[in-house]
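The values are calculated or read from the model by the stated rules, or taken from the named source; none is laboratory data. A quick note: this is a predicted structure, and the numbers were derived from the prediction, not measured. Quick reminder, even Gly has a Cβ in these numbers, built from the backbone with ideal geometry, and neighbours come from all protein chains shown. What goes into the accessible areas is simple: the full protein's heavy atoms, side chains included, and nothing from ligands, DNA or RNA. Shrake-Rupley method; radii C 1.70, N 1.55, O 1.52, S 1.80 Å.
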Amino acid sequence: MDKLKLYCYADETGPDTKGKLFLVAVVITTGELREAIERGLEELEERSGKGILKWRLTSISKKQSYLNGILRIGALQGSLFYTLYKDTKDYLKLVAKTLAKAIIAFSQNRDYQATIYIDGLRKTEIKEVVRFLSAESIKRRKVKGLRDESSAYIRLADALAGFFRDYEEGESYTKELFQLFKARNFVKKLQ
């Protein structure tokens, strides 16, 4: 059996709270679905009016349209993960820890190799992330930093981090949508 080729995209939100709240969102896809999903995400960004804007700069109506569109991309079912941390500033380690948990949950004991992209990761931080992932026995091909502008997947991770944070903070627009994400098995909150 061939190794499962995983592509993992992570973004976070919360350093602005000075450690009070920190949330990491992860999107995972496989090699055979990656390009088709990315085209669908780009079309959704255009159709919903969200475009490539950061989540916090997007209007609620465009957020809702985008999130409803995500729910129509069946290939993303079971591919979205997040972890909420409180009272900590160990940001880089927590991003790696969430990635490890998400990869383990997604791969379900199948043999895999992961290519990992993290929003805003500096070259000087890669070795530290690799060390954390190695400690969790994560099989990776490469770890790389990306910017929001460069990938619909990293923009999705940004949107999800913002959406899940808004949900955890009790924003009213999120309640029904979050329940749909859960009921349809799109999202898993990791412990």
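Over region 104-159, what portion of Cα pair distances is larger than 17 Å, expressed as a whole percent?
On the way: 694 of 1540 pairs.
The answer is 45 percent, as a whole percent.
Report the accessible area of D87, computed with a 1.4 Å probe over the heavy atoms of all protein chains in place, in Å² rounded to the nearest 10.
130
Can you tell me what share of the DSSP beta bridges in region 1-133 is antiparallel? A percent to the nearest 5 is fine.
70
What's the whole-number percent of alpha carbon pairs in the chain lying beyond 23 angstrom?
On the way: 6787 of 18145 pairs.
The answer is 37 percent, as a whole percent.
Rounded to a whole number, what % of the accessible area of region 52-148 do carbon and sulfur atoms account for, probe 1.4 Å?
Values: 2490 of 5210 Å².
Looking at region 52-148 in its full context, I get 48 percent from C and S.
Can you give the convex hull volume per residue for the Cα atoms of region 47-114, as a whole number of Å³?
Spread over its residues, the Cα hull of region 47-114 gives 143 Å³ apiece.
Quickly rank 13-25, 124-136 as a protection proxy: mean count of other C-beta atoms within 10 Å, highest first.
13-25, 124-136
Between beta-carbons, use under 13 Å as the cut-off and find the net charge around Y173, counting Lys and Arg +1, Asp and Glu -1.
0
Could you tell me the calculated FRET efficiency between R47 and N185, based on Cβ-Cβ distance and R0 = 25 angstrom, to the nearest 0.05? Can you show the working numbers first?
Numbers: r = 24 Å, r/R0 = 0.95.
Computed FRET efficiency for R47 and N185 comes out at 0.60.
Along the charge dipole of the chain, pointing to its positive end and built from +1/-1 on Cβ of Lys, Arg, Asp and Glu, which listed residue (A135, T29, G78) has its Cα farthest out?
Comparing the listed Cα positions along the dipole, A135 ranks first.
Find the centroid of the Cα atoms in region 33-96 and in region 141-191, then give the distance between the two in whole Å.
5
As a check on your grasp of the helix formula, calculate [θ] at 222 nm for the chain: sum -39500 (n - 2.57) over DSSP H runs of n ≥ 4, divide by the residue count, round to the nearest 500.
The helix-only estimate for the chain comes to -14500 deg cm²/dmol at 222 nm.
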